[in-house]
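Here is the structure we will look at.
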Amino acid sequence: MKNYKIAVVPGDGIGKEIVPAGWKVLKAAAQKHKFSLQSDSYPWGAGYYKEHGHFLPDDGLDILKTYDAIYFGAVGDPEVDDTLPAMLYTFKVRTTFKQYVNYRPVKLLPGIPSPLRYKGEKDIDFVVIRENNEGEFVQNGKIIHPESPYGLATDTSVFTRAGIERIAHYSFKLAQTRRKKVTNVTKSNTLINSLAYWDRVIEEVAQQYPDVTYNKMYVDNASASFVLKPEVFDVIVTTNMIGDILSDLGGAIMGSLGLGPSGNINPEKDFPSMFEPIHGSAPDIAGKNIANPIGAIWSGALMLNHLGESAAAQDIFKGIEATTQAGMLTTDLGGSAKTDQIADYVIEHMQAVSV
Ligand code: NAI
Ligand code: MG
């Protein structure tokens, strides 16, 4: 029997509720498809920082490196400086493990009315590919004399040819398996150095994929298009910060931030990839068993797909669709189902596979 070693990092807030819910679904899928998931759970995050002074121990990354994948919730705690979680955990894992692809599907699920009045399931089905290792989030800057009238702060983006080429190739290859369209969401009309170079390199790569339609759209227009005509998108390739913002908008047009899944992927598989919902630790609803676990469960399906267990991943997705279709919804979607009830319903409704 195939065995996968998974590091489970629930993190903070609702991470501690949605990750166990998702893990339960993953275990059920594994049992049904006859592979095994072996896990160790690590209590790392902002809560851990309050006690230990770091988000993960010094050998944390060495520990994580030994796993086939990482199943993650979210980090962040209202009592901890919020400039720390990304720097000390999320970005650290994403960059050290060269998880340069952030794969974020946006798809309207059955039974959930989109807040977009005129749009349905056939209109909202695309993937945001967010560059995950460079760009605006390299945290390359300084705050100088913050208290003085001459206070000054900088954050300088970094874009490299190699970094742009690899995310572009990933996006065009993905489009070849979908509706064969790539939209580069950019802002090169104002960021005339960094994003003009981004566009240029992406356009060079586009030429190598003549079967894929390529277009460029500025992010201000793209935001409006998410709302007014989401059907124009198939694969979006974009920068770290633009992708971060647009994928929350993607979650919103699906009906809730709690639905969006993501994979921080190292396509070469030199290092483990990390799977997490797109949302944060939602301290406002933590500890009540009301968080929507679908983003976490769907992220688990992305993880199984990455590990090569696509039939099990598909089953989980079918279970998610059956759940929303039946109106089993958490409060963020106007329902009253609890976090653990959603997980149980997904498990009961994963389609039987023919063996
Ligand atoms: P958030 O995504 O945690 O919450 C935004 C809103 O969406 C809240 O009203 C929350 O209740 C709701 N929401 C989010 N997930 C939900 C779910 N599964 N079910 C139902 N409702 C849900 O974003 P916010 O409030 O900006 O950040 C809270 C903390 O999370 C901060 O410390 C932030 O730094 C951290 N964060 C961590 C991330 C990560 O670890 N990758 C990503 C984003 C934020
Ligand atoms: Mg985000």
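The values are calculated or read from the model by the stated rules, or taken from the named source; none is laboratory data. Note that the structure is a prediction, hence the values are computed from the model and not measured. Counting neighbours? That spans all protein chains shown, and the Cβs are built from the backbone with ideal geometry, glycine included.
Structural remarks
- Selected residue [modelled with pLDDT under 95 and either acidic (Asp, Glu) or within 16 Å of ligand 2 (Cβ to nearest atom) (or both)] from 256, 247: 247
- Within this structure, residue 142 fails the test of being part of a loop (DSSP other than H, G, I, E, B) and either in the same structural domain as residue 180 (by TED's automatic domain parsing) or more than 30 Å from residue 199 (Cα to Cα) (or both).
- A single member of 265, 294, 290 is β-branched (Val, Ile, Thr) and farther than 27 Å from residue 306 by Cα, and it is 290.
- Yes/no for residue 271 being in contact with a helix residue (DSSP H, G or I) (Cβ under 7 Å, 6 or more places away or on another chain) and more than 22 Å from residue 316 (Cβ to Cβ): yes
- Test for residue 273: is it outside the structural domain of residue 159 (by TED's automatic domain parsing), away from ligand 2 (no atom under 16 Å from the Cβ), surrounded by 22 or more Cβ atoms within 10 Å (Cβ to Cβ) and of a type in the set (Gly, Ala, Ser): yes
- Residue check for residue 108: among the aliphatic types (A, V, I, L, M) and closer than 19 Å to residue 251 by Cβ: yes
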